[in-house]
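First up is the structure itself, then whatever we jot down about it.
Just so you know, all these numbers are worked out from the coordinates, no wet-lab data involved. As the structure is a prediction and not an experimental result, all values here were calculated from the model. No Cβ is skipped: glycine too gets one built from the backbone with ideal geometry, and neighbour counts run over all protein chains shown.
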Amino acid sequence: MDQKNKIKEFVEKTKGFSAEEIIAFAYKSFGKGVNFASSLGEEDQVITDIIAKVAPQIEIFTLDTGRLFSETYELLAKTQKRYPMTFKVYYPDTKAVEEMVQKYGINLFYESVENRKMCCGIRKVEPLRRALANVDAWMTGLRREQSITRSNLETFEWDTINKKIKINPLIDWSLEDVRQYIKEHNVDVNPLHAKRFISISCSCCTRAIKPGEDIRAGRWWWENPESKECGLHNNPKWKGDRSKKT
């Protein structure tokens, strides 16, 4: 069965499934051939908690860009201690970072979208490729309401860049759903969220949002909304059957 038909089958089989059921289904379907990319955001902390309960064999990994908030590192340490599962940390290639900074400057990303995407490519996209090298599918904390670039995503997608199946267990969740789960299950989260940092990544590229702003307005705030992806989650060309919602 080709990937397109396999994804359509997965979407149909999991229609109406809870996030717990989707994650359990993913492990049953792929075994150790699926892993989970956590940025330690609220959604990802929810998925980590669910994985620990329904499929603790799933490997969890995060990307350390070298420019994260100190609060993020503290949360990483706390999360690793709370959930004694396989939790890997991937780093960018040192030489590539050194050459980029030497040529373009330490804060090159403020100068142009191209520079920012170059930085994201070296610090995030290349390490992600290494993290996905030995799996067939990967799981994310993406939700449709997070941004206009994610509004048409499905529970199962084809990642055209990495040639993997992408699984989004929380795709239909609202931010309120996420925070209700966190409250009910006492999930650890980044204290920056309480200071209106909704989407958190590198400290140089993240700010708190203002009342009434879009939830991703604090990411690369100097750019237009349409450009606000780092390259990890570009929309695939094939979106599945849009007449069937998961």
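What the table below lists for this structure:
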| item | result |
| --- | --- |
| His185/Glu21 FRET efficiency (R0 22 Å; Cβ-Cβ; nearest 0.05) | 0.85 |
| Overall form of the stretch 71-156 per C-alpha gyration tensor (a/c, 1.5; a/b vs b/c) | oblate |
| Within the stretch 3-227, percent of DSSP bridges classed antiparallel, to nearest 5 | 30 |
| Nearest-ten-degree value, helix 175-185 long axis tilted from longest Cα axis of the chain | 80 |
| Estimated dipole of the chain in Debye, rounded to 20 [Cβ of Lys and Arg +1, of Asp and Glu -1, Cα centre] | 280 |
| Stretchable slack from Ser203 to Lys53, in nm (0.36 nm times residue separation minus alpha-carbon distance) | 50.9 nm |
| Long-range HN-HN contacts of Arg219 with modeled amide H, under 5 Å | Arg207 |
| Positive dipole terminus of the chain, leading residue within Ala217, Cys205, Ile58 (C-beta point charges) | Ile58 |
| Max mean-square fluctuation residue, GNM over the chain, Cα-Cα springs under 10 Å, options Gln180, Gln102, Gln146 | Gln102 |
| On Cα atoms only, tilt of 70-82 relative to the major axis of the chain in degrees | 30 |
| In the stretch 1-109, the trypsin sites (Lys or Arg not before Pro) that fall in loop regions by DSSP, at most 12 other Cβ within 10 Å | Lys15 |
| Length added when fully stretched, Asn134-Lys195, from 0.36 nm per residue minus Cα-Cα | 18.2 nm |
| Nearest-ten-degree value, helix 94-104 long axis tilted from longest Cα axis of the chain | 50 |
| Pairs of lysines in the stretch 50-126 (C-alpha under 29 Å apart; 8 or more residues apart or interchain) | 14 |
| Net length gained if the chain between Tyr110 and Gln3 were fully extended (0.36 nm per residue, minus Cα distance) | 34.7 nm |
| Gyration tensor (alpha-carbon) shape descriptor, the stretch 1-96, a/c threshold 1.5 | prolate |
